[in-house]
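The values are calculated or read from the model by the stated rules, or taken from the named source; none is laboratory data. As the structure is a computational prediction, the values presented were derived from the model and not from experiment. Cβ placement follows ideal geometry from the backbone for every residue including glycine, while neighbour counts extend to all protein chains displayed. The accessibility values were calculated without ligands, DNA or RNA, using every heavy atom of the protein model including side chains. Shrake-Rupley method; radii C 1.70, N 1.55, O 1.52, S 1.80 Å.
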Amino acid sequence: MATQFELGGISVDLVRKDIKHVHLSVYPPTGRVRIAAPRHMNVDTIRVFAIAKLGWIRAQQRKLRAQEREAPREYIERESHYLWGRRLLMKLVEREAGPSVGVSHNKLVLQVRPGTDAARRAQVLDGWYRTQLREAAAALIAKWQPLLGVQVSRCFVQQMKTKWGSCTPGSHSIRLNTELAKKPPELLEYVVVHEMAHLLEPNHGRKFLATMDLLVPHWPQHRDALNRLPLRQTPTE
């Protein structure tokens, strides 16, 4: 269970874990700060660690807050949307039939009933993105399970505000941000391997980093590229 403390006007989430070292993270899109620390470490020691990293934390937050945001979508004719890093222009088809989404050349074809509002159009498209991501992730998991020597019991696809993915080692499950369906395929593969590697090593220690270096040698570039790409505009931002 996370607790919080203030540091130079910055709110820090503190999570106690069965780990040996302190881990500091600044998450997109808002620059949320999280410290994972060993259960036995006292708060004063953790605060000293955080104070020493304060300059780095602020630099990371500035970078994230300056990051480009996608403009709010209206789901109208010729609006730009993305699939696997490719820009598509929306073609809106109103027809008395069930909703559907498809790709034709450089067009993203969204079919809805006449009078369907933007919220429902968004719901249809989000559902389609989830399907695209779920199918792509399933193929990647099947590819990497024998290479990593792990088994993924379930892969959840959902909107996530602060992470591209997460892992629950206890249940051998991973979660992926639906927005990954809009990003280049190699970035999805990086996130899938990252989360699957956590089934071998729950934290970001040496064993985890060695695994990533071996299997995805350019993973730091993929991480940086992913965090430079436009983020979805959400009502809470």
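Quick look at the values:
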| read-out | value |
| --- | --- |
| Single residue of Phe49, Phe5 found to be over 20 Å from Trp164 (Cα atoms), surrounded by 10 or more Cβ atoms within 10 Å (Cβ to Cβ) and in contact with a strand residue (DSSP E or B) (Cβ under 6 Å, 6 or more places away or on another chain) | Phe5 |
| Residue check for Met196: among the aliphatic types (A, V, I, L, M), without any contact (Cβ under 8 Å) to a residue 24 or more places away in the chain and crowded, with 16+ Cβ neighbours inside 10 Å | no |
| Segment 79-98 - residue that is of a type outside the set (Ser, Thr, Tyr) and open to solvent by 60 Å² or more (accessible area, probe 1.4 Å) and, of those, nearest to the chain's Cα centre (by Cα) | Trp84 |
| Among residues of segment 123-158, those that are touching a Lys or Arg at 6+ places or on another chain (Cβ under 8 Å), outside any helix (DSSP H, G or I) and either of a type outside the set (Val, Ile, Thr) or surrounded by fewer than 17 Cβ atoms within 10 Å (Cβ to Cβ) (or both), counted | 3 |
| Answer residue from segment 220-237, given it is part of a helix (DSSP H, G or I) and either crowded, with 20+ Cβ neighbours inside 10 Å or within 14 Å of the chain's Cα centre (by Cα) (or both) and is modelled with the highest pLDDT among those | His222 |
| Odd one out for Glu74 among (1) open to solvent by 80 Å² or more (accessible area, probe 1.4 Å); (2) in a helix (DSSP H, G or I); (3) closer than 25 Å to Met160 by Cα | (2) |
| Residue in segment 10-20 that is hydrophobic (A, V, I, L, M, F, W, C) and either touching a Leu at 6+ places or on another chain (Cβ under 7 Å) or open to solvent by 70 Å² or more (accessible area, probe 1.4 Å) (or both) present | no |
| Per-region count, segment 165-175, residues touching a Leu at 6+ places or on another chain (Cβ under 6 Å) and open to solvent by less than 40 Å² (accessible area, probe 1.4 Å) | 1 |
